[in-house]
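The values are calculated or read from the model by the stated rules, or taken from the named source; none is laboratory data. The structure displayed is predicted, hence computed values, not measured ones. Every residue, glycine among them, receives a Cβ derived from its backbone with ideal geometry; neighbour counts consider all protein chains shown.
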Amino acid sequence: MGVSDKNGRVYDKKQAKFRQINRFLELISDIEDKLPENGTLRICDLCCGKSYLSFAVYHYFSVIKKRSVKMTGVDLKEDVIGYCSETADKLGFDGLEFIWGDIGLYETDEPVNLVLSLHACDTATDRVLEKAVSFRADVIMSTPCCHHELNRILKCPELSFISEYSMLRQKLCDAATDALRLKYLEANGYDTAAIELIDPDQTPKNILLRGVRRRTKDSPESQKAAGEYKIAYEFLTGKSLDN
């Protein structure tokens with residue numbers, strides 16, 4: 001994957017990526033008890049990009065944990081998907097496949113246990129979460145990249161004392177966007193957490209959003225969260241979710 005040389009030394013320019021992936025694996029080990037103990041693990045990496053995470057997670061479960069794994073990476077970059085497919089073949093990772101296409105159009109008939117996403121840009125993270133919810137995935141783990149959408153549509157006079165300053169406006173929108181995402185997951189039956197992925201001095205993209213499915217969308221807790229999501233969205237944007 002171009003992370004280390006033939007002796008296993010991690011290249012200087014890949015040190016940060018190496019630490020990110022290892023930290024992600026640590027956080028995955030924390031939720032292993034939320035995944036099925038037996039049978040084949042079904043995992044999706046949506047907006048997989050160069051798929052450092054896909055290969056690491058597949059190796060972790062199939063080689064280290066000796067689990068049967070069927071994993072799919074999906075991305076819009078055809079050349080990258082071609083490279084990842086060739087690499088999986090060379091490694092003999094028979095349970096790891098890569099598909100070129102829009103994650104919004106990707107479907108599977110098999111129950112999905114774990115959905116991952118590392119640094120999907122802007123609203124791509126929202127599409128990842130929506131797809132994961134539609135799969136009723138047992139666990140969702142997503143680290144967003146950039147946050148631009150709310151900055152564009154923010155319309156909240158009550159917060160103008162913050163939003164009039166461009167730097168503070170972006171920080172506000174970053175935090176509010178991820179909080180809305182977590183509330184969206186809660187509204188769909190997930191227990192949620194925001195976790196520091198890695199030292200913020202190394203990268204600003206250091207928040208991991210985690211959801212563990214606990215209940216149904218119709219539960220009182222989920223309905224309460226849905227109401228809170230609606231109120232927060234309309235407060236921040238001045239738009240009604242009912243339109």
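In table form, for the structure just shown:
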{"quantity": "Any hit, region 3-18, residues being touching a residue at least 40 places away in the same chain (Cβ under 8 Å), in a loop (DSSP other than H, G, I, E, B) and surrounded by 16 or more Cβ atoms within 10 Å (Cβ to Cβ)", "calculated": "yes"}
{"quantity": "One residue from Ala193, Ala226 being without any contact (Cβ under 8 Å) to a residue 60 or more places away in the chain, within 22 Å of Cys47 (Cα to Cα) and aliphatic (A, V, I, L, M)", "calculated": "Ala193"}
{"quantity": "Evaluation of Arg181 against (1) buried (at least 20 other Cβ atoms within 10 Å of the Cβ); (2) closer than 24 Å to Val69 by Cα (one fails), failing number", "calculated": "(2)"}
{"quantity": "Condition check for Lys34: touching a Cys at 6+ places or on another chain (Cβ under 8 Å) and either surrounded by fewer than 23 Cβ atoms within 10 Å (Cβ to Cβ) or more than 19 Å from Asp138 (Cβ to Cβ) (or both)", "calculated": "no"}
{"quantity": "Criterion: of a type in the set (A, V, I, L, M), within 21 Å of the chain's Cα centre (by Cα) and surrounded by 21 or more Cβ atoms within 10 Å (Cβ to Cβ) - qualifying residue of Leu172, Leu118", "calculated": "Leu118"}
{"quantity": "Residue check for Asp199: of a type in the set (Asp, Glu), closer than 30 Å to Lys17 by Cβ and modelled with pLDDT of 95 or more", "calculated": "no"}
{"quantity": "Some residue of region 76-99 being touching a Leu at 6+ places or on another chain (Cβ under 6 Å), in a helix (DSSP H, G or I) and closer than 23 Å to Cys44 by Cβ", "calculated": "yes"}
{"quantity": "Some residue of region 82-96 being buried (at least 19 other Cβ atoms within 10 Å of the Cβ), within 22 Å of Glu130 (Cβ to Cβ) and either at pLDDT 95 or above or not hydrophobic (A, V, I, L, M, F, W, C) (or both)", "calculated": "no"}
{"quantity": "Lone unmet requirement of (1) closer than 21 Å to Ala187 by Cβ; (2) over 17 Å from the mean Cα position of the chain (by Cα); (3) not aliphatic (A, V, I, L, M) for Lys90", "calculated": "(1)"}
{"quantity": "Residues satisfying the stated conditions in region 139-169, i.e. crowded, with 21+ Cβ neighbours inside 10 Å and farther than 21 Å from Cys121 by Cβ", "calculated": "Val139"}
{"quantity": "Region 222-243: number of residues that are surrounded by fewer than 13 Cβ atoms within 10 Å (Cβ to Cβ), outside any loop (DSSP other than H, G, I, E, B) and among the aliphatic types (A, V, I, L, M)", "calculated": "1"}
